[in-house]
1. Semi-axes of the equivalent ellipsoid of segment B:187-243: what are they in whole Å, largest first, if each equals the square root of 5 times a C-alpha gyration tensor eigenvalue?
2. Taking amide H atoms as placed 1.01 Å from N in the peptide plane, list the residues 5 or more away in sequence, or in a different chain, whose amide H sits under 5 Å from that of A:M79.
3. Work out the length of the dipole vector of chain A about its Cα centre, built from +1 on the beta-carbon of each Lys and Arg and -1 on the beta-carbon of each Asp and Glu, and round it to the nearest 20 debye.
4. Work through the residues other than B:F62 whose Cβ is under 14 Å from its Cβ and net out their charges, Lys, Arg +1 and Asp, Glu -1.
5. How large is ³J(HN,Hα), in whole Hz, for each residue of segment A:260-266 in order, when computed from phi with the Karplus curve 6.51 cos²θ - 1.76 cosθ + 1.60 and θ = phi - 60°, using x for Gly and Pro?
6. DSSP H helices in chain A with Cα extent of 15 Å or more along the helix axis and mean Kyte-Doolittle hydropathy at least -0.5?
7. Expressed as a fraction of 2.2 N^0.38 Å, the rule-of-thumb size for a compact globular protein of N residues, what is the C-alpha radius of gyration of segment B:144-222?
8. Please enumerate, by chain and number, the aspartates and glutamates with C-alpha under 17 Å from the C-alpha of A:K113, excluding those fewer than 8 residues away in the same chain.
Amino acid sequence: MATLELQGLRKSFGATQVLRQIDLSLVDGEMLVIVGASGCGKSTLLRLVAGLETPTEGRITIGGRDVTALDPSERDIAMVFQNYALYPHMSVFDNMAYGLRIRGLSRGEITRKVEEAAALLGLESLLTRKPRQLSGGQRQRVAMGRAIVRDPKLFLFDEPLSNLDAKLRVQMRAEIRRLQRRLGVTSLYVTHDQVEAMTLGDRLLILHEGTPAQLATPMEVFERPADTYVASFVGSPTMNFLAGRLVHDGTAVQLEAGPLIPLQGHRVGDTVTLGIRPEHLTLGGGDLTLAVDLIEPLGSETLVHGRVVGRDDDAITVKVPGVVGLVETVSVGVQADHAHVFDGVTGKRIDPVK
Amino acid sequence: MDRRTVFNGRLLPVMLLLPQLLLTFFFFYWPAGEAVWSSLITQDAFGQGWVFVGVDNFVDLFTDPLYLDSIVRTVLFCVAVSVLSMGIALGLAVFADRSISGRGVYRTLLIWPYAIAPAMSAVLFLFVLNPRVGLLGRWLNHHGVAWDYTLNGAQAMLMVVSASAWKQVSYNFIFFLAGLQSIPRAVTEAARMDGAKGWHRFLTITFPLLAPTTFFLVVVNVVYAAFDTFGAIYALTQGGPGKDTETLVIKVFRDGVINQDIGSSSAQSVVLMAGVIAITAVQFRFMGRRTVS
Ligand SMILES: Nc1ncnc2c1ncn2[C@@H]1O[C@H](COP(=O)(O)OP(=O)(O)OP(=O)(O)O)[C@@H](O)[C@H]1O
Ligand SMILES: [Mg+2]
């Protein structure tokens with residue numbers, strides 16, 4: 001259990017800059033979830049903290065101790081790998097005991113700790129098995145067990161649930177959350193899955209091509225995304241974007257697609273992108289007319305995908321409760337108080353000035 | 001996806017197999033059969049007549065202290081060659097497995113010795129170790145070490161072991177490297193995060209995961225040391241001084257070809273053949289079971 005601090009962290013592989021500038025500070029017991037598109041450097045960031053890669057620049061501090069130059073074996077961090085990386089030639093017990101033996105614990109103490117961790121994860125009956133005799137979900141648990149048994153300063157998770165089926169993933173997600181809370185170990189968690197990101201993290205770090213796009217609580221990220229990249233990344237289905245221009249002293253947006261959308265407060269800017277989530281569009285509002293491409297019933301809700309008539313580039317998704325019959329065109333209304341305004345050039349969020 | 005082509009009739013398959021079958025027959029089954037036959041008979045010195053003697057040749061062999069000495073010597077030689085060549089190869093493979101610059105060149109250079117004929121590798125060792133013309137041999141004598149493998153049996157053994165092991169390092173290296181590269185990176189990384197350092201990590205993670213490769217190589221190296229080292233030993237020491245480097249294959253050659261004791265020599269060949277068959281059977285069973293499970 002410890003704090004984690006990253007200062008001015010950069011990483012290049014040869015000429016390619018993978019991480020540009022990461023400054024980050026986690027309080028004791030916090031769980032930070034890192035999300036971002038494939039290849040944006042999530043795993044690299046985790047491996048830097050683990051010590052498996054050396055930073056090109058910057059400092060890593062764990063619990064006040066500078067570990068930048070230390071070997072992974074000296075950092076007292078546990079990592080859960082995507083494909084578990086269990087020791088194939090050792091039993092479940094030995095997999096969990098390996099790190100404890102290296103620390104020179106007594107035999108009795110090792111047995112006690114392993115059995116305790118096994119009980120916590122429901123692995124008691126599997127202790128003598130080899131990893132190849134386990135199911136995917138069980139291997140995942142063993143990997144978790146190996147991490148918690150050592151009582152490390154820091155947990156690192158690199159997409160630990162991505163090899164599980166959907167049901168098991170939901171179950172393990174809750175379990176990881178429960179365990180992390182209970183043990184109070186500071187954690188970094190990398191995922192592709194935005195539901196995992198929203199539910200697991202105390203805070204979210206959205207990485208965009210090696211730079212942090214936003215670092216905030218999940219709700220804050222959802223409600224006030226810092227730019228169009230973050231906005232498109234969080235929320236499902238993805239937010240709709242429409243090009244426009246601020247008019248009337250910044251109190252309304254004139255969309256290129258036609259309608260004038262009045263806003264609350266007044267903003268400073270010129271060309272903008274109006275962001276509106278599918279659930280904040282209503283059928284029959286009269287702001288836009290869509291030519292419908294596809295209707296997806298999800299049970300209690302329905303997704304309507306279409307394009308603004310006459311503007312094939314403006315693809316729009318609407319999420320409405322209930323069932324929608326087959327239609328060619330629909331008219332859609334914008335709930336303006338839920339709209340987000342982003343700069344048309346930089347994509348950065350524009351908030352109303354007080 | 002089934003890419004097999006099915007040929008109808010008998011003639012074509014037989015024709016296709018014939019060259020290999022003929023080669024196997026003329027170069028293996030026929031001489032092997034001759035050897036078994038001549039191990040069961042005894043001939044007079046001029047090859048005029050023969051008498052069937054059953055297992056007499058074998059009884060003579062296993063009651064001959066010289067033969068038993070040769071067996072012990074061969075076992076020691078095999079162990080020494082295998083341990084030395086596998087140990088060196090494993091060390092080199094561990095280094096090649098790390099990402100170092102010039103790795104490609106390093107690997108290629110390591111593979112070259114395998115392409116050198118046994119007798120040629122022996123000549124190379126002579127250039128280095130001969131007490132009168134060899135670089136290291138002369139240097140040793142110059143500095144007060146009485147190095148002469150033509151007189152000192154231990155030195156001769158050392159030399160044939162080195163020369164034989166040297167040639168096998170390449171082969172072992174390739175297999176160890178492939179074995180190391182098939183160990184998932186994440187497993188080693190997990191061990192590092194668990195706190196395991198260099199040598200301990202190697203002993204507890206890397207080496208156990210190399211076990212199938214190691215077992216395979218033990219068999220290959222023992223067979224190599226027992227049977228394929230004839231060229232190197234004969235070119236270096238002819239089994240001497242005395243009988244100090246006379247392994248079983250050298251003895252077969254000396255007794256049969258030089259001393260013309262066909263009965264004993266054939267019996268020795270049959271014993272060797274039984275040895276190879278036994279080792280191969282063990283390997284097939286073990287490896288076969290491994291691939292099934
Ligand atoms: N050892 C390496 N050598 C060179 N380039 C590397 C190395 N490791 C990673 N990279 C590059 O760094 C970038 C980031 O890789 P990283 O694995 O961190 O991405 P990621 O965000 O984890 O992606 P994913 O979600 O697909 O796992 C990629 O472009 C990758 O090609
Ligand atoms: Mg990754």
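Read the figures in this text as sums done on the coordinates, not as results from a lab. Here the structure is a predicted model, which is why all the values come from computation and not from measurement. Reconstructed Cβ throughout: ideal geometry from the backbone, glycine too, with neighbour counts over all protein chains shown.
1. Details: eigenvalues 329, 33, 10 Å².
Semi-axis lengths for segment B:187-243 are 41, 13, 7 Å.
2. It is A:L156, by chain and number.
3. Working: 39 positive and 42 negative charges, 329 e Å.
About 1580 debye.
4. Numbers: positive: B:K251; negative: B:D56, B:D60, B:D64, B:D69.
Charge balance in the 14 Å sphere: -3.
5. Result, ordered by residue: 9, 10, x, 10, 8, x, 10 Hz.
6. Values: long enough: A:92-102 (16 Å, 0.53); A:107-121 (21 Å, -0.19); A:136-148 (18 Å, -0.58); A:166-183 (25 Å, -0.88).
Going by DSSP H runs, the hits are A:92-102, A:107-121.
7. Numbers: Rg = 18.3 Å, N = 79, 2.2 N^0.38 = 11.6 Å.
So the Cα radius of gyration is 1.58 times the expected 2.2 N^0.38 Å.
8. Candidates past the 8-residue exclusion: A:D76, A:D94, A:E124, A:D151, B:D194.
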